[in-house]
Amino acid sequence: MTYQRTRLGTTAIFFPVVKRIDNRGNERKMHDETDPIVRTVWQVPQRGAKAEVTGQQTINVVRIGVSADVPDLGLNARVQFDGKMWDIVSPPAIRHGASRHTRHYMMDVRERPESPPAPK
């Protein structure tokens, strides 16, 4: 899908990477849920593996594109769209396009597994 078709995309919420100090005094990069960024993304399916046996996980990987004005995207950032939470699994690659208006990022995201319900 070309960049010009972003109006046909879906709305996504990005949780960018920030540096925080953990309880041991180490600097860590983690996603920031307090300052989300809302943008329109377009999707290209990459690969998926369906769980056939009980106990296995389903793997769903999608390549998404977003305008280049989203700051602090990285491997520890998260994205929420289609009612699911996704991890960014490839570094965002800048695509310059024909002009600054078509400049955008492309990245692969992997669907986060849902936690099973607690036993009663």
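The values are calculated or read from the model by the stated rules, or taken from the named source; none is laboratory data. Only a predicted model underlies this, so the values are computations on that prediction, with no experimental measurement involved. For neighbour counting, all protein chains shown are included, and Cβ atoms are generated from backbone atoms with ideal geometry for every residue, glycine included.
Values computed for the structure shown
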{"item": "Count of the range 94-120 residues which are of a type in the set (D, E) and at pLDDT 90 or above", "result": "1"}
{"item": "Pair list, Cβ < 7 Å and 6+ apart or interchain, from the range 21-42 residues that are at positive phi and at pLDDT 90 or above to residues that are surrounded by 10 or more Cβ atoms within 10 Å (Cβ to Cβ) and of a type in the set (D, E, K, R)", "result": "none"}
{"item": "Of all residues making up the range 22-46, the number that are surrounded by fewer than 13 Cβ atoms within 10 Å (Cβ to Cβ) and charged (D, E, K, R)", "result": "6"}
{"item": "Residue satisfying all of: in the range 73-93; surrounded by 15 or more Cβ atoms within 10 Å (Cβ to Cβ) and not hydrophobic (A, V, I, L, M, F, W, C); modelled with the lowest pLDDT among these", "result": "N76"}
{"item": "Failed condition for G48, given (1) at pLDDT below 90; (2) more than 18 Å from W86 (Cα to Cα); (3) not aliphatic (A, V, I, L, M)", "result": "(2)"}
{"item": "Whichever residue in the range 51-72 is small (G, A, S) and modelled with pLDDT of 85 or more and, among such residues, is surrounded by the most Cβ atoms within 10 Å (Cβ to Cβ)", "result": "G65"}
{"item": "Meets criteria (over 24 Å from H96 (Cβ atoms) and either modelled with pLDDT of 90 or more or surrounded by 14 or more Cβ atoms within 10 Å (Cβ to Cβ) (or both)) for F14", "result": "no"}
